[in-house]
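Asks: Got a structure here, written out as structure tokens. Questions coming.
The values are calculated or read from the model by the stated rules, or taken from the named source; none is laboratory data. The model shown is predicted, which means the values in this text are computed figures rather than measured ones. Please note: Cβ atoms are built from the backbone with ideal geometry, for glycine as well, and neighbour counts cover all protein chains shown.
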Amino acid sequence: MFKRVVRSWLDKDEQGQSSELSPDNIPQHIAVIMDGNGRWAKNFGMPRVIGHQNGMKAVKRATIAADELGVKYLTMYAFSTENWKRPKDEVEFLMKLPAEFVATELDELVERNVQVRLMGDKSILPAYTLEPLEKAIRDTKHNTGLVLTFALNYGSRIEITEGVKKMVQAVQEGSISVDEITPDTFGEVLQSSGLPDPDLLIRTSGELRLSNFMLWQLAYSELWFTPIYWPEFSKEHMIEAVAEYQRRIRRYGGL
């Protein structure tokens, strides 16, 4: 089992040599595109919804792993603005999962000092989806540990478009001048305001794209793709992703 104090998990590098994770280079913020639930279920001859249910268990494993590694922020892409195009029964099942997650996992999240946040367009979410999440947000708002953010009914292009509208309105009202618009001030009107940009993006299922997720915020993030499906994601995979992150040199356009 992981121990936050020790943090001496072993990983194999490309040459098969053992190396320890450095506690001084843990990504502060990890963002995750949780992909492959349906394909995982299909491989076992099960309905897609069973994949989503098992994907919820992987959310818990990933949260615990990130917390024990010392990650401060974990953002999970739970439902995109494009996911409404899926079959109605699948969408309804996905909308019911937050209530199940809160009912089964909230107590442990509170015990672990996790703070729950939500980003995305809440206006069209069903009450049975939104109310449990708002309860989780209320019950954990004073927690000071890992910040777990669910991106639900989230789309980055809409987020950026709405951010532009807010900036234009602010200029028209005179609360900010055009010259005062900077990447930092623009970041303040995005749904991720208050969160640092992700250091590391993890995407499962072998797909190599961002799928309209945090396009502004991921500008300088390290990207880690894995062929495993999300329901298979384990603590060991989180360690593998962080180990790869630590092997990279982040130059931010410099030398």
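Asks: Does S205 fit the bill of being under 22 Å from G36 (Cα atoms), modelled with pLDDT of 95 or more and surrounded by 13 or more Cβ atoms within 10 Å (Cβ to Cβ)? Break it down stepwise before answering.
Replies: Details: under 22 Å from G36 (Cα atoms): yes; modelled with pLDDT of 95 or more: yes; surrounded by 13 or more Cβ atoms within 10 Å (Cβ to Cβ): yes.
Judged against the criteria, S205 is a match.
Asks: Consider only pairs whose beta carbons are under 8 Å apart and that are at least six residues apart or on different chains; among these, list those whose first residue lies in the range 180-202 and is β-branched (V, I, T) and whose second residue is part of a loop (DSSP other than H, G, I, E, B).
Replies: Once the first residue is β-branched (V, I, T) and sits in the range 180-202, its partners that are part of a loop (DSSP other than H, G, I, E, B) give T185/I176; I202/T226.
Asks: Of V178, V189, V171, V164, which residue is closer than 16 Å to M119 by Cα and either surrounded by fewer than 16 Cβ atoms within 10 Å (Cβ to Cβ) or of a type outside the set (D, E, K, R) (or both)?
Replies: Working: V178 fails: closer than 16 Å to M119 by Cα; V171 fails: closer than 16 Å to M119 by Cα; V164 fails: closer than 16 Å to M119 by Cα.
Answer to the check: V189.
Asks: What number of residues within the range 30-42 are surrounded by fewer than 18 Cβ atoms within 10 Å (Cβ to Cβ) and touching a residue at least 60 places away in the same chain (Cβ under 8 Å)?
Replies: Kept after step one, since they are surrounded by fewer than 18 Cβ atoms within 10 Å (Cβ to Cβ), are these residues of the range 30-42: 39, 42.
Going one step further and asking which of them are touching a residue at least 60 places away in the same chain (Cβ under 8 Å), we end up with 39.
Qualifying residue count for the region: 1.
Asks: On to the next question. If you take the residues of the range 37-77 that are within 30 Å of S22 (Cα to Cα) and outside any helix (DSSP H, G or I), which of them is farthest from the chain's Cα centre (by Cα)?
Replies: Only one residue fits best here, namely G70.
Asks: In the range 225-254, what count of residues is obtained for those that are within 15 Å of V59 (Cα to Cα) and loosely packed, with under 13 Cβ neighbours inside 10 Å?
Replies: Residues flagged as within 15 Å of V59 (Cα to Cα) and loosely packed, with under 13 Cβ neighbours inside 10 Å within the range 225-254 amount to 1.
Asks: Has the range 236-254 got any residue that is under 15 Å from the mean Cα position of the chain (by Cα), in contact (Cβ under 8 Å) with a residue 60 or more places away in the chain and part of a loop (DSSP other than H, G, I, E, B)?
Replies: No.
Condition check ((1) among the hydroxyl-bearing types (S, T, Y); (2) more than 22 Å from E68 (Cβ to Cβ); (3) in contact with a helix residue (DSSP H, G or I) (Cβ under 6 Å, 6 or more places away or on another chain)) across all residues:
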{"residue": "K88", "(1), (2), (3)": "no, yes, no"}
{"residue": "V102", "(1), (2), (3)": "no, no, yes"}
{"residue": "D107", "(1), (2), (3)": "no, no, no"}
{"residue": "G120", "(1), (2), (3)": "no, yes, no"}
{"residue": "S123", "(1), (2), (3)": "yes, yes, no"}
